[in-house]
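Taking it in order: structure first as structure tokens, then the write-up.
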There are 2 protein chains.
Amino acid sequence: MRSADDLTARARIRDAALVRFGADGVAGTSVRAVAADADVSAALVLHHFGSKDGLRQACDDHVLGLIRSGSAGEVEHEALAELLAEATPLRRYLARALLDGSPAANTMFSEIVDATRRWLAEGEAQGWVKPTEDPLARAVTYVSWLFAPLVLGEQVGRLLGGDVAEMRTSVRAARVGLDMLTNGLFADDRWLKAFSSVT
Amino acid sequence: MRSADDLTARARIRDAALVRFGADGVAGTSVRAVAADADVSAALVLHHFGSKDGLRQACDDHVLGLIRSGSAGEVEHEALAELLAEATPLRRYLARALLDGSPAANTMFSEIVDATRRWLAEGEAQGWVKPTEDPLARAVTYVSWLFAPLVLGEQVGRLLGGDVAEMRTSVRAARVGLDMLTNGLFADDRWLKAFSSVT
DNA sequence: CGGGATGCTAAACGAACGTTCAGCTCTCGG
DNA sequence: CCGAGAGCTGAACGTTCGTTTAGCATCCCG
């Protein structure tokens, strides 16, 4: 009914669950804790979502919906970075979902890889991306690198950020990352040669 | 006593816990499940480790010890990659520990970043690593990229591996990664410029 | 006005949890 | 021979878990 304001108890429960699931994991979160955070009874949680796993699925769908907020059901991986950089709870939830391999996380990862593969292919055709022998592996690796500061955000922030806002540190990491992807890290191909000779 | 063969019940319990913790998370694993996997009673688990959290700490210490198997208490991040590539349970355990920020995982990450920073500085002095304005951020980003296929191993393996042994896929990802770090990904600096102009 | 959804709660259920405890069976030094 | 200690177990403790049930308001539609 009043889905616009998104302040229904159902939405409050789902948001509270997202934070808890991200912070403590699904198994480490009790239905009662979520209910308390949302200021409702534990019974209402199950009334709305059927079961704890139903609540988890609803969180998955909601996150997927947030990420797909862009063009017509497809993941926009540029807006994604911004979305996740500021939203620590969402970031943690997604990191756990990726690790556990929840269906929604798998879908999201696959879609982003696919979009990246097409984007890189387009760049390769237009000349601003270097050619490769293994486009799929490159896209997967690129996306996993894109997600690395996301999943390891606690560690990156701890070593880079200190007490500063997270924005600073993610920008700092993004800059050096982009630099490595543009100019390279190694000045010669000694490691690449060494690797090729070993395998 | 017979610590050499490492087949005591205590070691069996610890190994079983490592697998379970990695697969289901600490909160999602019961002491009874670990005990069943190790073919002992639940009471023995607590007899040896005091509590469930004591068991978790023992796992942390054991993993840290395994990783530090190299030169005199310091992490060898080359051997680490091999160690983790083949050992899926250990990989999953470490991924969760990094995400949760357990003390052992924090220590390990910090040590690896520090070793990497010195290694890159040495390379920079010798000319086989390109210079940077932000050595710490580069080291952190490099290590997080190194760990990305580790933490996101389920996703990478799913898209790249199929049913093949994990060895293949990790080699495949490592090759394109090394290629990107040597030759770069982007042929010109349009993205780097775009990023610099925005921030 | 009246009755069936809808939103929500308190209380209780059985199961599973981490942990404790008394006691068993070996082994080994005196 | 025997008593102490280490390794180990079955049974039980109290707690918390996910879930169910019965019932209370509130609101909308006839």
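The values are calculated or read from the model by the stated rules, or taken from the named source; none is laboratory data. Because the structure is a prediction, the values reported are computed rather than measured. Please note: Cβ atoms are built from the backbone with ideal geometry, for glycine as well, and neighbour counts cover all protein chains shown. Note: areas computed on protein heavy atoms with side chains; ligands, DNA, RNA excluded. Shrake-Rupley method; radii C 1.70, N 1.55, O 1.52, S 1.80 Å.
The table below gives the values:
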read-out	value
B:Ala104 being modelled with pLDDT of 90 or more, more than 7 Å from chain A (Cβ to nearest Cβ) and open to solvent by 10 Å² or more (accessible area, probe 1.4 Å)	yes
Cross-chain or 6+ apart pairs with Cβ under 6 Å, the stretch A:138-155 first and facing chain B (nearest Cβ under 7 Å), then of a type in the set (S, T, N, Q) and open to solvent by 10 Å² or more (accessible area, probe 1.4 Å)	A:Arg138/A:Thr132
Scope the stretch A:126-143; condition among the polar types (S, T, N, Q), in contact with a helix residue (DSSP H, G or I) (Cβ under 6 Å, 6 or more places away or on another chain) and open to solvent by 30 Å² or more (accessible area, probe 1.4 Å); matching residues	A:Thr132
Some residue of the stretch B:176-189 being modelled with pLDDT of 90 or more, at the interface with another protein chain (Cβ under 7 Å from one of its Cβ atoms) and open to solvent by 60 Å² or more (accessible area, probe 1.4 Å)	yes
So A:Gly123, is it small (Gly, Ala, Ser), touching a Ser or Thr at 6+ places or on another chain (Cβ under 9 Å) and either more than 7 Å from every other protein chain (Cβ to nearest Cβ) or open to solvent by 40 Å² or more (accessible area, probe 1.4 Å) (or both)	no
Selection status of A:Leu80, buried (at least 19 other Cβ atoms within 10 Å of the Cβ), at pLDDT below 90 and assigned to a helix (DSSP H, G or I)	yes
Qualifying residues in the stretch B:5-54 (those that are more than 13 Å from DNA strand C (Cβ to nearest atom), more than 28 Å from A:Phe21 (Cα to Cα) and open to solvent by less than 60 Å² (accessible area, probe 1.4 Å)) - the one farthest from the other protein chains (Cβ to nearest Cβ)	B:Thr8
The stretch A:12-43 - residue that is within 10 Å of DNA strand D (Cβ to nearest atom) and part of a loop (DSSP other than H, G, I, E, B) and, of those, nearest to A:His62 (Cα to Cα)	A:Val26
